[in-house]
Amino acid sequence: MTMTFSVSRAIVTGGARGIGAAIAERLSSEGLAVAIFDLEARAAEATAREIAGRTGNRVLGYACDVSDRDQVNESVKLAAQDLGGLDTMVTNAGITRDAFLHKMTDEQWDQVIGVHLTGTFGCLRASAPYLREHGNGRVVCISSVAAATGNPGQLNYSAAKAGIVAMVKTAAREFARSKTTVNCIRPGFIDTEMTRAVPEDMRSAMLSMIPLGRPGQPEEIAAAVAFFCSDDAAYVTGAILDVNGGFYM
Ligand SMILES: NC(=O)c1ccc[n+]([C@@H]2O[C@H](COP(=O)([O-])OP(=O)(O)OC[C@H]3O[C@@H](n4cnc5c(N)ncnc54)[C@H](O)[C@@H]3O)[C@@H](O)[C@H]2O)c1
């Protein structure tokens, strides 16, 4: 049996590269029309063109800074117009601004809270009218294993990612009325530009703590997103799925 999808029009934030690009490609290969939101129009459009070239389905790129509420409202409206509606929202855009607590600047705190917490809130709020109207929609939010374990140097990031988990649980209860599911993925150590920036000694220390003995691939997070968006997951909502090679159980 292959996966089936009743949803057909998705936004993926932070989709120009890394995990977001893998999610956009997987949803596109499953037949959904996809709008990629990212900081720069050119990067979003280039990735959209590449994915569309491989899948043969409609993929569009938009410049949208998810921490800017006005941009989010405008971009969601525009994407929903271009896609002919909206039934799926995947909030994936993310940044790190690491520093130990005693050295963390207000700017590092504000930027991380802005992208992850305000960004997820803004995207959920802007997409809510479309999902409520359509019914049977899908929301998937990308958190992090750091929400569960904490991580030295990531007080801002782990707090924001834990906030996303709580947001998902409340949104799942609210969206249930329109038979829309809201779920969360907490990736572990995934091989992307974000983790390539981690110093080599920390990287080896992280890898030694992963029972499956390797970093995850962006496609392995995309597979979990596809499951949550599929008809197979119609009865799954408010769930937190750890995809981390056993790093945290
Ligand atoms: N890589 C990992 O190991 C890992 C682990 C746990 C969670 N995550 C989470 O997964 C998500 C994707 O991470 P990644 O590893 O692919 O990172 P990445 O840095 O490779 O890609 C992030 C993407 O988000 C975009 N982005 C950043 N700020 C944005 C903003 N304000 N508005 C719109 N787009 C913005 C970037 O331009 C980039 O295209 C993030 O939420 C991250 O916190 C990653």
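The numbers here are math on the coordinates, done by the rules we state, and not lab data. It should be emphasised that the depicted structure is a prediction, and the values quoted were computed from it without experimental measurement. Virtual Cβ from ideal backbone geometry, glycine too; neighbours counted across all protein chains shown.
Using only the Cα atoms of the stretch 114-249, each taken as one equal point scatterer with no solvent, compute I(q) by the Debye sum, divide by I(0), and report log10 of the ratio at q = 0.10, 0.21 Å⁻¹.
-0.35, -1.27
Exactly which trypsin sites (Lys or Arg not before Pro) in the stretch 92-152 are in a DSSP loop and have at most 11 other Cβ atoms within 10 Å?
Filter output for the stretch 92-152: empty list.
Give the peptides 24-31, 57-64 in descending order of average Cβ contacts within 10 Å, highest first.
Order by mean packing, descending: 24-31, 57-64.
What number, in nm² with one decimal, is the all-direction average of the projected area of the convex hull of the alpha-carbon atoms of the stretch 115-179?
For the stretch 115-179, the mean projected area of the Cα convex hull comes to 4.2 nm².
Suppose the chain between Thr105 and Arg49 were pulled fully straight at 0.36 nm per residue; how much longer would it get relative to their current alpha carbon spacing?
Extra length from Thr105 to Arg49 when fully extended: 16.4 nm.
Based on DSSP H runs of at least 4 residues, each adding -39500 (n - 2.57), what is the mean residue ellipticity at 222 nm of the chain after dividing by all its residues, to the nearest 500 deg cm²/dmol?
Per the formula, -14000 deg cm²/dmol.
Residues with amide H under 5 Å of Val243's amide H, sequence separation 5 or more or different chain, H placed in the peptide plane at 1.01 Å from N; which?
So Val243 has HN proximity to Arg186, Gly188.
Determine the percent antiparallel among the DSSP beta bridges restricted to the stretch 113-249, to the nearest 5.
Bridges in the stretch 113-249 that DSSP calls antiparallel: roughly 0 percent.
Quick check for me: using +1 on Lys/Arg Cβ and -1 on Asp/Glu Cβ, what's the dipole size of the stretch 97-202 about its Cα centre, in debye to the nearest 20?
Dipole of the stretch 97-202, to the nearest 20 debye: 720 debye.
Would you mind calculating the relative contact order of the stretch 9-242 from Cα pairs under 8 angstrom and at least 6 residues apart, reporting the percent as a whole number?
Value for the stretch 9-242: 20 percent.
Mind checking which helices in the chain clear 15 Å along their axis (Cα) and have mean Kyte-Doolittle hydropathy of 0.5 or more, DSSP H runs only?
The answer, listed by residue number, is 18-29, 218-229.
Would you mind calculating the gained length between Arg196 and Arg214 on full extension (0.36 nm times residue separation, minus the Cα-Cα distance), in nm to one decimal?
5.1 nm
Which residue fluctuates the most in the chain, going by a Gaussian network model with Cα springs under 10 Å, if the choices are Phe100, Phe121, Phe175?
Greatest mean-square fluctuation among the candidates belongs to Phe100.
Sorted by average packing, counted as other Cβ atoms within 10 angstrom per residue and highest first, what order do 43-52, 78-87 take?
Ranking, from highest mean packing down: 43-52, 78-87.
Quick check: convex hull of the Cα atoms in the chain, volume per residue, rounded to a whole Å³?
Measuring per residue, one finds 121 Å³ for the Cα hull of the chain.
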